[in-house]
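Please read the structure below before turning to the comments.
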Amino acid sequence: MIEEPYRWVEAIANRREYIEGQLAPGSPIAALGYRDGILFLTLGQTRQKLFEIYDRIGMGAIGHPGDIERLRMAAIELASTEGFNRSAADVSLRRLVHYSLSPVMKSAFEQIYGPPYLARMLFAEVGARPEDDMFLRVEYDGEIASNGATYARARQDFAVLSGTRQSVELMEAFLKTEHTPDTSFEAAANSALDAWSVGHMLLQTSDAKELPERAAIAEHRREQLARAAIEAAVLERDGTAAIRYRSLADKELRSLVTQ
């Protein structure tokens, strides 16, 4: 009987190691608040990674397509039910994640005889002003990271998602120096693409502790743009728009980004 808790801890550690390995190759995602909304951006060749959830809420995800779809549909159903029972204005990203999705993912992760969710998710909710934008990253074990200010750090006007913690940290370090919330869409697109390049470069090396040189970022960016498509979407800040979420075509972004 005494051994049982230790077996559970060991099983959880093994499960975490397995999931981290499965998610490590995932293409990074950057979400940046700008003057007129929020931009999601990633690069890929096959699977879709960006989705609309509800009115002012968008989502990006990496992981197993089946698990991503299950979580996406759960988020849509929860938001739609909340909007129907109350109103669209009452649908809150904070409630959706903290009271619904996070507990479900934590429970699945800790039930070692059942399958966990192989997914990391990044949510954004556009506000009336850039300072009202909300970003939440949700891990496979239900852990939540917010862009809100705490005693340890200032509020961030962006959020990122990637396959490793080191990649996430350096993407954030890059955007802290390169991004401002009142920037134009074009500037936000270029910053997001550079941040993606930083994250993608870090996935290919395990010992980097500092940001790559700007020349190296630019070269990696050119190489990846030649072989992959840009997937992007925006959440419009304009409250009069019938639909806030809009997907952007690859060719629409190519004309704006610096090669």
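Just so it is clear, none of the values below were taken in a lab; they were calculated from the coordinates. If you're wondering where the values come from, they're calculated on a predicted model, not measured in any experiment. Backbone-built Cβ (ideal geometry, glycine too); neighbour counts: all protein chains shown.
Annotations
- Most mobile listed residue (VAL198, VAL97, VAL160) in the chain, GNM with C-alpha springs under 10 Å: VAL97
- Listed by Cβ neighbour count within 10 Å, with the fewest neighbours leading, THR81, THR180 appear as THR81, THR180.
- Each part gets one Cα centre, and for region 12-59 versus region 150-204 those centres are 13 Å apart.
- One compactness figure for region 49-116 is 1.16, namely its Cα radius of gyration divided by 2.2 N^0.38 Å.
- Put simply, the amide H of LEU43, placed in the peptide plane, has neighbours under 5 Å in GLU231, leaving out anything fewer than 5 places away on its chain.
- The trypsin sites (Lys or Arg not before Pro) of region 55-115 that DSSP puts in a loop, and whose beta carbon has at most 16 other beta carbons within 10 Å, are ARG86.
- Point-to-point label distance, ASP238-PHE185, nm (Cα→Cβ direction, 7 Å offset): 0.9 nm
- Looking at region 184-259, the GluC sites (Glu not before Pro) that sit in a DSSP loop and have at most 10 other Cβ atoms within 10 Å of their own Cβ are GLU210, GLU213.
- Three-way shape call for region 1-137 based on the alpha-carbon gyration tensor, with the a/c threshold at 1.5: prolate
- Using the Stokes-Einstein relation with a Kirkwood hydrodynamic radius computed over Cα pairs, the translational diffusion coefficient of region 1-52 at 25 °C and a viscosity of 0.890 mPa s comes to 168 µm²/s.
- MRE, 222 nm, helices only [DSSP H, n ≥ 4, -39500 (n - 2.57), over the chain, to nearest 500]: -13000 deg cm²/dmol
- Looking at region 149-226, the trypsin sites (Lys or Arg not before Pro) that sit in a DSSP loop and have at most 14 other Cβ atoms within 10 Å of their own Cβ are ARG153, ARG155, LYS209.
- Using θ = phi - 60° and Karplus 6.51 cos²θ - 1.76 cosθ + 1.60, couplings along region 166-181 (whole Hz; Gly, Pro as x): 4, 4, 4, 4, 6, 4, 5, 4, 5, 5, 4, 9, 10, 10, 10, x
- With the Kirkwood sum run over all distinct C-alpha pairs, region 126-203 has a hydrodynamic radius of 13.3 Å.
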